[in-house]
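Report on one structure; see the data block that follows.
Every number here is computed from the coordinates shown, using simple stated rules; none is lab data. Since this is a predicted model, take the numbers as computed values, not measurements. Here the Cβ is made from the backbone with ideal geometry for all residues, glycine too, and neighbour counts use every protein chain on show.
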């Protein structure tokens, strides 16, 4: 079944997903609604692939799904505005792309005959031109009515998307996990870059020098899992090196190092770290709290 998709919000997430689905051949038609008179400079509009509508428009007859790709804080407003335009086309599902929210904000659409659900890509979408590459074969967190879950699986099939069925009440836990794996990772790399600059590395080279190490660590994690992939002074029980780091770091980085050190220490314990070294390291880290 080819999809007829209406996306409300031509931001990074909406453009990325729409572009990926079109490139995979999963769409019969694609329409975006936006709050600006002109569409963003994206191939979907430059090449005439997608229609752009200024303002909000009800999905046309035959539409199979609506994606509300808008910020969480305006989702209730946009939902009410769409519901006020009339009943759903037969068989049309409505999804929002928020990671943290459940289906409650979509209640006005449920009353209008939409099957409602959530569909959140577990991916960092910083550049909407990279959607086809970044979204292929990833996981999506899906919650909602059975008809919406079925529609989500159908829509994601062309890009090889896998579905994580997350109970609505546990979506904040899921979203916090995503923040750790993405946003906090950016923060850690940023901190590593600052330390490299402090160590004398030119600022324009600091992050570039760090990234191959980070990529190698991620590849090891994928192959071996967190416990077996662990390396470094904590995994070896090298108390003196850790003590040297803590003495050298400034307060901001020292607090971050100690906080993350406690997490790494738990993994090192699973890997068989000597108990005496574990206790000594734990004392060092907790002293920085």
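Residues of the stretch 215-254 with amide nitrogen under 14 Å from the 7 Å Cα-to-Cβ point of residue 203? Backbone N within reach: none found. Largest mean-square fluctuation among 276, 104, 28, in a Gaussian network model of the chain whose springs join Cα atoms under 10 Å apart, belongs to 276. Across the chain, the mean sequence separation of Cα contacts (distance under 8 Å, 6 or more residues apart), normalised by length, yields a relative contact order of 13 percent.
Binning the alpha carbon pair distances of the stretch 98-142 at 10 angstrom intervals from zero yields the distribution 25, 39, 28, 8, expressed in whole percent.
Could you give me D for the chain, from Stokes-Einstein at 20 °C and 1.002 mPa s, where the hydrodynamic radius is the Kirkwood radius over C-alpha pairs? Units µm² s⁻¹, please. Each step should come with its number before you reach the end.
Values: Rh = 21.6 Å.
Answer, rounded: 99 µm²/s.
Given springs between every Cα pair under 10 Å in a Gaussian network model of the chain, which of 63, 16, 235 has the largest fluctuation? Result for the chain, Cα springs under 10 Å: 235 fluctuates most.
Past the 20 angstrom mark, what percentage of all C-alpha to C-alpha distances in the stretch 32-153 do you count? Result: 46 percent of Cα pairs exceed 20 Å. Dividing the convex hull volume of the alpha-carbon atoms in the stretch 132-188 by its residue count gives 74 Å³ per residue. How many angstrom separate the Cα center of the stretch 238-286 from the Cα center of the stretch 1-60? Cα centres, the stretch 238-286 to the stretch 1-60: 49 Å. Once Rh for the stretch 72-212 is found with the Kirkwood sum over Cα pairs, what is the Stokes-Einstein diffusion coefficient at 4 °C and 1.567 mPa s, in µm²/s? Value of D from the Cα-based Kirkwood radius: 75 µm²/s. Across all Cα atoms of the stretch 180-286, the radius of gyration (one decimal) and Dmax (whole number) stand at 14.2, 42 Å.
Given the DSSP H assignment, sum -39500 (n - 2.57) over each helix run of at least 4 residues in the chain and divide by its residue total; what's the result at 222 nm in deg cm²/dmol, nearest 500? List each step's numbers first, then the result.
On the way: 13 runs with 146 residues, N = 289.
Here the helix-only value at 222 nm equals -15500 deg cm²/dmol.
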